[in-house]
Number of protein chains: 2
Amino acid sequence: MADEGFSDKNLTEGLVDPGQQARWFNRVREAHQAETAEDYVELIADLIEAQGEARVVDLANRFGVSHATVNKVIVRLNREGLVSNQPYRSLFLTETGKDLARRCKERHRVVLDFLLALGISPATAEADAEGVEHHVSEETLTAFRNFIARNR
Amino acid sequence: MADEGFSDKNLTEGLVDPGQQARWFNRVREAHQAETAEDYVELIADLIEAQGEARVVDLANRFGVSHATVNKVIVRLNREGLVSNQPYRSLFLTETGKDLARRCKERHRVVLDFLLALGISPATAEADAEGVEHHVSEETLTAFRNFIARNR
DNA sequence: AACAAAGTTTAGCCTTGGCAACAATTTGAA
DNA sequence: TTCAAATTGTTGCCAAGGCTAAACTTTGTT
């Protein structure tokens, strides 16, 4: 049944190396792991900057999830050393968390500005940037920056 | 404690509307839901085209996960009407599945070509495209196509 | 035909991130 | 001060997608 008419098992025209492809998908899975953490620290930093503090209820509102979900994630981020908080008090970022937030905001900025420079409407650019930002490499980010500079 | 020195609760400078932001994040979550299905039908279509058939073991190799994981996902895709298969036999796509695969491959092509046209190295372009493709809107895709055409 | 190898399925476990419902604490207003 | 409202935390549920180990089927060789 296998190879249906082919005698050469290595005849996999049009397909890349399996190991290579596996590494790509692995990278995407790792990005997904980090995504929640990145979104949370980024929003916490924004809220602290804009409102003086970040509360569970704010995060729940802005993410569009229940406060129970937010709380569960916060427990994890605390365990991982990104967030530091006391029971029933507002949320703070550790130094590591602040660092991550800074890098994420910068990356978000670049992706958003790039899409805008490309002529995408602001609403769509924001929506797309939110999903895309977690999956762009440094190399691509640099190319985005160059494009923005050229098209200013 | 709230608003720390602010008297106006609506003074949320620098932050977008919470409902708007919630919609963005919701869109990303929905994209994640669809991502696995899209990756699977795309790869199944590729394997059928290149090798005549798609088997669980091939998917496991190329995704870099165990065959048990692949099987579990296949059960779900079957339940959702994208994949049709008999026990211990190779995998097939339903018409719906073929349709989805076609659209995904086209989108992948556009994102990849766009990154290449931007000057990204092939290896990075492939890796980034794999993550980015699930998060680009039709509007952005159109802009990508235009850019590719202009820079051909 | 029999058997070993390869491939597939099943079972059981884990983590993440959803939810609702209920418990606990803090805050603000009478 | 007291008490209700708002906020936060806890518990228990679910689905998805990871894994290993073990059972089952198919395939190919001897």
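No lab work stands behind these numbers, since they all come straight from the coordinates. Since we're looking at a predicted model, the values are computed, not measured. Methodologically, a virtual Cβ is constructed for each residue, glycine included, from the backbone with ideal geometry; neighbour enumeration extends over all protein chains shown.
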Just give me the residues in segment B:50-105 being touching an Asp or Glu at 6+ places or on another chain (Cβ under 7 Å) and of a type in the set (Asp, Glu), in sequence order.
B:Glu53
Looking only at segment B:81-95, which residues are within 14 Å of DNA strand D (Cβ to nearest atom), without any contact (Cβ under 8 Å) to a residue 12 or more places away in the chain and away from chain A (no Cβ under 13 Å)?
B:Asn85, B:Pro87
When segment A:27-75 is examined, which residues are found to be surrounded by fewer than 17 Cβ atoms within 10 Å (Cβ to Cβ), polar (S, T, N, Q) and in a helix (DSSP H, G or I)?
A:Gln33, A:Thr36, A:Asn61, A:Thr69, A:Asn71
Quick check on my filter: what residues within segment B:76-89 are more than 19 Å from the chain's Cα centre (by Cα) and outside any loop (DSSP other than H, G, I, E, B)?
B:Arg79, B:Ser84
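Per-residue answers, yes or no, for (1) within 30 Å of A:Leu43 (Cβ to Cβ); (2) more than 11 Å from chain A (Cβ to nearest Cβ); (3) near DNA strand D (Cβ under 10 Å from one of its atoms):
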| residue | (1), (2), (3) |
| --- | --- |
| B:Gly19 | yes, no, no |
| B:Ile48 | no, no, no |
| B:Asp58 | no, no, no |
| B:Asp113 | no, yes, no |
| B:Ala117 | no, no, no |
| B:Ala127 | yes, no, no |
| B:Glu130 | yes, no, no |
Give the residues of segment A:103-129 that are free of Cβ contacts under 8 Å to residues at least 12 places away in the same chain and part of a helix (DSSP H, G or I), sorted by residue number.
A:Arg103, A:Glu106, A:Arg109, A:Leu116, A:Pro122, A:Ala123, A:Thr124, A:Ala127
For segment B:101-121, which residues satisfy the criterion of being surrounded by fewer than 17 Cβ atoms within 10 Å (Cβ to Cβ) and within 18 Å of A:Phe147 (Cα to Cα)?
B:Ala117, B:Gly119, B:Ser121
For segment B:26-38, give me each residue that is more than 9 Å from DNA strand D (Cβ to nearest atom) and facing another protein chain (nearest Cβ under 8 Å).
B:Asn26, B:Arg27, B:Val28, B:Ala31
